[in-house]
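Remarks on the structure that follows.
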Amino acid sequence: MRLTASLSNEKNRVTCGRGALTPRAGISDCTARGGGTPPTGASRWLARVGHRFPSVGALAVLVFAVMPATDAFAAATRPNIVFILADDSGLGEFGCYGGKAIGTPNVDQLAREGMRFTNAYSGNAVCAPTRCVIMTGQHPGHELRRANQSKVGLLSLATDTMTTARMLHDAGYATGGFGKWGLGNEGTTGAAEKQGFDIFYGYYDQVHAHDYFPADLTRNGVREKLPGNANGGRKDYSHDLIEAETLKFIESSAKSGKPFFCYAAWTLPHGKFEIPDVYKKFGDRPWPENVKVHAAMIARLDASVGKVMAKLRELGLDRNTLVMFSSDNGAEGPGRETFNATAGLRGWKRHLYEGGIRMPLIVRWPGRVAPHTESDLLAGHVDLMATAAELVGAKPPRNDGVSILPTLLGQPQTTKHEWMYWEIYEGPSPFQQAVRMGKWKGYRTGTKAPLELYDLSADPAEKNNIAAGHAAEVKAIEAIMAREHVPSPYYDAPEQPGKKARAGGKKKAAAP
């Protein structure tokens with residue numbers, strides 16, 4: 001069944017708004033294409049006590065009758081939220097998106113039991129900028145991190161940033177992050193434990209995250225030694241430890257009785273391509289050894305998805321947990337061509353062509369999200385904050401996202417993206433801009449460079465630049481690019497591709 005968005009129902013309309021580049025630099029309100037400030041939450045105690053006290057139940061019915069639909073929904077639910085983010089995985093690596101080289105039974109089962117999105121996009125085409133979009137709801141023209149580096153080195157989130165984790169924490173959720181953070185190293189204002197997480201375990205720095213047998217991992221800003229990896233040892237595989245902490249958090253949250261947000265930003269299959277021999281399963285394939293290891297890392301990722309789902313079932317949390325699965329950017333690694341990891345799309349990691357930003361997005365929530373469903377709604381990581389806010393009845397800061405909750409529930413999607421915007425300061429060109437507008441895709445490498453235009457409905461691989469014959473569409477996309485690119489003091493955007501934009505710099509962390 002294919003689900004398409006409708007504009008006929010106004011009951012779930014949200015107010016559109018923009019976020020800020022920095023706490024002091026405001027950005028104008030957004031256009032009618034949609035953005036995310038859903039209605040505030042309702043009296044949540046009704047959902048907790050109504051079933052215990054019949055007299056309160058009658059009052060609940062009366063209150064729900066006059067509450068906005070989304071407030072009533074949030075008051076009655078407050079599900080757990082698990083967001084699993086693969087690292088450097090493309091559509092073609094997963095069977096449910098047509099991948100054939102590697103078996104991914106657990107991700108495929110998620111798709112069978114939930115909704116699979118076919119027009120979903122990552123926050124950006126590389127690690128840290130995507131994580132910044134996920135945590136702030138700002139698209140890359142407004143967010144702080146627009147490349148892994150900047151003119152002054154690593155940028156850390158400001159102290160008062162309202163992240164998705166902080167928003168959910170303030171709404172009463174236990175919050176745990178596991179894997180790669182990338183938005184502020186230990187001791188900076190952007191450290192995960194200062195940005196709304198009760199616990200974060202894994203890597204704070206994206207360079208540290210390249211090593212799967214590191215000397216240490218970080219827990220809430222403190223580096224913990226891994227004795228098995230001392231002096232070049234290779235006993236403690238980092239993903240095994242990160243997976244164990246993920247499951248431990250889910251279990252401890254279940255015992256506490258609090259709803260929880262689990263941000264599983266795992267590192268597989270990114271970085272060094274290395275894995276313990278026990279996980280290697282592709283010895284019979286006629287592939288180079290590094291390709292076999294790449295495949296084994298994807299299979300290990302899939303197994304971890306299965307362990308999370310098994311833990312939710314074991315704890316009786318299965319039906320009250322919304323699980324999302326995606327990837328941070330396009331595919332990369334030695335098996336990229338062998339696996340057809342980009343599913344035939346142009347570009348890969350660090351490219352703003354489709355292969356660098358078109359992502360898997362699967363959402364499962366038994367009894368709420370219909371199984372075996374598919375949606376072609378234009379959606380992406382930028383929508384996580386707005387969707388989570390509507391889901392729990394919280395009020396997010398101004399952001400560029402749209403709540404996709406109506407689509408998940410099989411209801412009319414009254415507010416949706418008319419376009420989506422990206423920019424990045426690394427990759428095949430020092431600067432790239434891209435816009436998805438309906439079936440049209442625009443791409444350029446300078447703020448005044450000639451625009452490439454593609455009709456994705458006829459040319460999903462972006463082979464034929466048809467800008468010359470579509471002046472109106474070119475003009476419309478150029479206007480979006482000009483409006484949505486808010487200059488940053490940390491990055492230089494060239495007017496033409498011949499002028500270099502400086503994104504690299506000092507290696508040390510630098511607060512914004």
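Computed values, structure above
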{"quantity": "The range 169-182, residues that are surrounded by 22 or more Cβ atoms within 10 Å (Cβ to Cβ), among the hydrophobic types (A, V, I, L, M, F, W, C) and either under 16 Å from the mean Cα position of the chain (by Cα) or part of a loop (DSSP other than H, G, I, E, B) (or both)", "calculated": "Phe178, Trp181"}
{"quantity": "Qualifying residues in the range 333-348 (those that are touching a residue at least 12 places away in the same chain (Cβ under 8 Å) and either β-branched (Val, Ile, Thr) or surrounded by fewer than 23 Cβ atoms within 10 Å (Cβ to Cβ) (or both)) - the one farthest from Gly98 (Cα to Cα)", "calculated": "Pro334"}
{"quantity": "Residue tally, condition hydrophobic (A, V, I, L, M, F, W, C) and touching a His at 6+ places or on another chain (Cβ under 9 Å), over the range 342-388", "calculated": "7"}
{"quantity": "The listed residue being in a loop (DSSP other than H, G, I, E, B), touching a residue at least 24 places away in the same chain (Cβ under 8 Å) and exposed (fewer than 15 other Cβ atoms within 10 Å of the Cβ), out of Lys463, Lys416", "calculated": "Lys463"}
{"quantity": "In the range 319-332, the residues that are open to solvent by 10 Å² or more (accessible area, probe 1.4 Å) and either among the acidic types (Asp, Glu) or in a loop (DSSP other than H, G, I, E, B) (or both)", "calculated": "Glu332"}
{"quantity": "Count - residues of the range 420-457 that are open to solvent by less than 10 Å² (accessible area, probe 1.4 Å) and in a loop (DSSP other than H, G, I, E, B)", "calculated": "4"}
{"quantity": "Contacts under 8 angstrom Cβ, first residue in the range 260-280 being of a type in the set (Val, Ile, Thr), partner part of a loop (DSSP other than H, G, I, E, B), 6 or more apart", "calculated": "Thr267/Asp87; Thr267/Tyr212; Ile275/Tyr212; Ile275/Tyr237"}
{"quantity": "Residue identified as surrounded by fewer than 19 Cβ atoms within 10 Å (Cβ to Cβ) and part of a helix (DSSP H, G or I) among Gly316, Gly306, Gly283", "calculated": "Gly306"}
{"quantity": "Unique match (being part of a loop (DSSP other than H, G, I, E, B) and in contact with a Gly (Cβ under 9 Å, 6 or more places away or on another chain)) among Gly344, Gly335, Gly355, Gly367", "calculated": "Gly344"}
{"quantity": "Residue match in the range 234-253 (condition: of a type outside the set (Asp, Glu), more than 21 Å from Lys307 (Cα to Cα) and free of Cβ contacts under 8 Å to residues at least 60 places away in the same chain)", "calculated": "yes"}
{"quantity": "Filter pass, Ala230 being among the small types (Gly, Ala, Ser), in contact with a strand residue (DSSP E or B) (Cβ under 7 Å, 6 or more places away or on another chain), open to solvent by 10 Å² or more (accessible area, probe 1.4 Å) and farther than 29 Å from Thr164 by Cα", "calculated": "no"}
{"quantity": "Selection within the range 261-280 - part of a helix (DSSP H, G or I) and closer than 30 Å to Thr164 by Cα", "calculated": "none"}
{"quantity": "Selection count, the range 183-204, where residues are open to solvent by 20 Å² or more (accessible area, probe 1.4 Å) and either of a type in the set (Phe, Trp, Tyr) or not in a strand (DSSP E or B) (or both)", "calculated": "8"}
{"quantity": "Which listed residue is under 25 Å from Pro430 (Cβ atoms) and either open to solvent by less than 10 Å² (accessible area, probe 1.4 Å) or at pLDDT 95 or above (or both), from Arg223, Arg166, Arg146, Arg219", "calculated": "Arg146"}
{"quantity": "Matching residues, the range 233-273, being under 20 Å from Asp328 (Cβ atoms) and surrounded by fewer than 17 Cβ atoms within 10 Å (Cβ to Cβ)", "calculated": "Lys272"}
{"quantity": "Residue selected from the range 349-397 under the condition under 18 Å from the mean Cα position of the chain (by Cα) and open to solvent by 20 Å² or more (accessible area, probe 1.4 Å), by the criterion modelled with the lowest pLDDT", "calculated": "Pro397"}
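The values are calculated or read from the model by the stated rules, or taken from the named source; none is laboratory data. Since we're looking at a predicted model, the values are computed, not measured. Here Cβ is always computed from backbone atoms with ideal geometry, including for glycine, and neighbour counts include all displayed protein chains. We work out accessible area using only protein heavy atoms, side chains counted, and drop any ligands, DNA or RNA first. Shrake-Rupley method; radii C 1.70, N 1.55, O 1.52, S 1.80 Å.
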